[in-house]
Structure formats: C-alpha cells, structure tokens
Amino acid sequence: MNLPNSEHLQIDKLSSVFSSTSSTYKFYWFLAILELVEEGNTKIEKQRLFSRMISNSWHTVNYFHVSFGKQDLIQDSVKAILNIENITINENRNKINAVLENTHKIETIKILNHFDKNVPHWFISSWFTGTRSEIYSLSQNFEHGCIYRLGKDYIEINPVWVSYLQFNSKILKDFCFWNLSLFLQKRNPNVPDIPNKISKSITRNSLVKQTNEYWKIVFNELGAVDCIFTSKKLIFEEKKYALDHFIPHAFVSHDLIWNLIPIDKTFNSSKGDKLPSVKQYFDKFYNLQKTAYEIVKTHNSKNKYLEEYLSVFPDLEGKNGFDYLLLKETVQPLITIASNNGFSFMKDL
C-alpha cells in the first residue's frame, strides 16, 4: 500500500520514514498527527500527541493483549499508565486522552515526556542528517520541505503539508493501520484478527440474535440449561444467564456460535476475559455445544447459525460429524496462545 502522490511535496521522504521499522512509535506518532491535523490543529503540543499515541494503542495492549515486542516503549508505557492513572482497560479513547492531556501525576508526565527524547526528531530525520539538536535547528525554517518544525513543547505543521494531510487523512491512516498490522502480525503469528485489534472499537456486538434464534430453541427443548461453570440451572424466561464466549472475545474477536454458551449471569460478571481451564471445563463445553447443535438441527436444519460450525467441523454432515477431538484441537491451542499473550486463567471454583 503506497502513500498518495503529490506534485509539490516530497512524498518519497515521508515514505522512507516507514521503510525500516523496529518498533511501533512511527505509526502511532503519525496517527496522532493525522488525527489532530484533521481536527484543524497545526501547532500541536507534544503532550497531546504523546497522549494520542497512548490512547490509540491502549486497547490493543491492555484489552486484546497484542504483543509489540519486548523492547517497545509504547507497550511498556501503556501498561505503566494503566496502573498509575487507574484507567480501565476498556475505557473510551476520548476519556483516556482527556486524562493524559490534563494529568498532574509526575510518573505519567515523565513517561509521556520520555517519547520526546527520540520520537519527534527521528520521524523527520529522512529530511536531514545530523544530531538531535541539528535536526531541531534545521527544521525551524522547514528546510527541505520537512513535514513539521520542532519546538521545545510543540510541533508546527509545515503549511504546504496541511491540505495534503487533511485531504488524504483516511488513506494515510489506512496506510498506518495496514503497515502496523503487518508489523504486529510478525510478532504475533498465531493471534487472530490483528487488524481489528488495532483500528476497531472494542464495543462488542449484541448477542440478542444468537440468543433468540439459536439458544432459545435449546432452552425450549430442554426446559433448563446447566451452567458449565457453576452448575446452576438456567431458565430462559428468568433471564439469569448471559451468552458468553468460552474463549474470550478479546482474543478471538468473533461471535461464532461454536464459541458461545449461556452461563450464570452473576458468574459472567466476575469472569470477564479470563480463560477457562480446558481440563476442567472442556468436556462440559463440548457436551453442551453438541446437544445444542443436535436440537437446533432437528428443529430447523437450515438455521443460519449451524453453518458457523463448519469452520471447526468441515465434515459436519459426514461420518465424523460433531467430533470431540476437532473441537478440542481448535479450542486448546487458542487458549494456550491467549495465555502466552497475557490472558489469565479463571480461579478454580
């Protein structure tokens, strides 16, 4: 994916910024610039930019547990600020920005200011050669058509770049997300759906349709469903259950029916995105899923959710059918990978 062309700007210099990347800071710095220029800002305080770098990576690190690499400064900063500012892992990005832009906590300010040592001047080093102080000096008159000049506490966008950044902001952000996805996928080869864990909101879809069009059929047939975690009997009309992801949604990033089961609502509130023990709960999970599949298929063989099992059971209509090992060989590696990426296990009941 290439940057949009311009007859008057040195796009090759901007492209070369991303030609060699060993960490995520270039992507998040440029994304922060694009967002604030898009909002009409041209002289931008560094703390606002550093705050955007943190908020744009917040959910990717804290909610989805995507690894940026052991040496990545942004990942370490996000984790540290999580504890210092007591911000929740699923906090709204605007709220995170507001907290960080106005914080008076010395530890947070120190972390944000640490980005100033390298990020602002190295980003425009394609236009110059020299030390940090030399790049600061050369940027003052927008030498060589550089994208911004450097102040002590701010950057100022070169006027000739403003319309390009604003007009092409969506394409430029897509460029960042695309290349950031490639960068992170190499460091997380077994983690699913990396692109959506970078650019999408963590707002989860409603599971009302899966409840009413699939699991209600199961409830009606059985009368009650036992929670695989608490053994409590769940009755559809009492609504004391929640449709939950066996493997956390924060890891799989999908709502496929083979990973959804009704569980006790109170327990679900405390479970969060914790991982279930395969040894302790898989057999119960498998038996409930198999029972549900057979009931729904008997009731309506064309139910659209039955097709979602094909990603796990390609021979669903053949001799292997709803195979125990196939489901376990799907679930167990995902839980292992999620654990390796920082998801914690549920405590034994």
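The values are calculated or read from the model by the stated rules, or taken from the named source; none is laboratory data. Please read these numbers as outputs of a predicted model, since none were measured by experiment. Using ideal geometry, Cβ is built from the backbone for each residue, glycine included, and neighbour counts are taken over all protein chains shown. Side chains included, ligands, DNA and RNA excluded: accessible areas come from the protein's heavy atoms. Shrake-Rupley method; radii C 1.70, N 1.55, O 1.52, S 1.80 Å.
Pick out, from the range 262-340, the helices (runs of 4 or more DSSP H) lying fully within it that include 2 or more residues that are touching a helix residue (DSSP H, G or I) at 6+ places or on another chain (Cβ under 8 Å).
Here the list reads 278-299, 324-340.
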What about G130, is it open to solvent by less than 80 Å² (accessible area, probe 1.4 Å), under 20 Å from the mean Cα position of the chain (by Cα), of a type in the set (G, A, S) and at pLDDT below 90? no
What is the number of the single condition among (1) aliphatic (A, V, I, L, M); (2) part of a helix (DSSP H, G or I); (3) open to solvent by 20 Å² or more (accessible area, probe 1.4 Å) that L243 does not meet? (2)
Sort out which residues of the range 178-218 are open to solvent by less than 50 Å² (accessible area, probe 1.4 Å), under 28 Å from K302 (Cα atoms) and assigned to a helix (DSSP H, G or I), and write them in order of number. Q210, T211, Y214, W215, I217, V218
From (1) at negative phi; (2) assigned to a loop (DSSP other than H, G, I, E, B); (3) buried (at least 19 other Cβ atoms within 10 Å of the Cβ), pick out the condition that doesn't hold for H65. (1)
With L73, L49, L31, L9 as the choices, which residue is over 17 Å from the mean Cα position of the chain (by Cα) and open to solvent by less than 20 Å² (accessible area, probe 1.4 Å)? L49
Which condition breaks for L100 when tested against (1) of a type in the set (A, V, I, L, M, F, W, C); (2) without any contact (Cβ under 8 Å) to a residue 24 or more places away in the chain; (3) within 15 Å of E45 (Cα to Cα)? (2)
If we keep only residues of the range 137-153 that are touching a helix residue (DSSP H, G or I) at 6+ places or on another chain (Cβ under 6 Å) and under 24 Å from T24 (Cα atoms), then the residue most open to solvent (accessible area, probe 1.4 Å) is D153
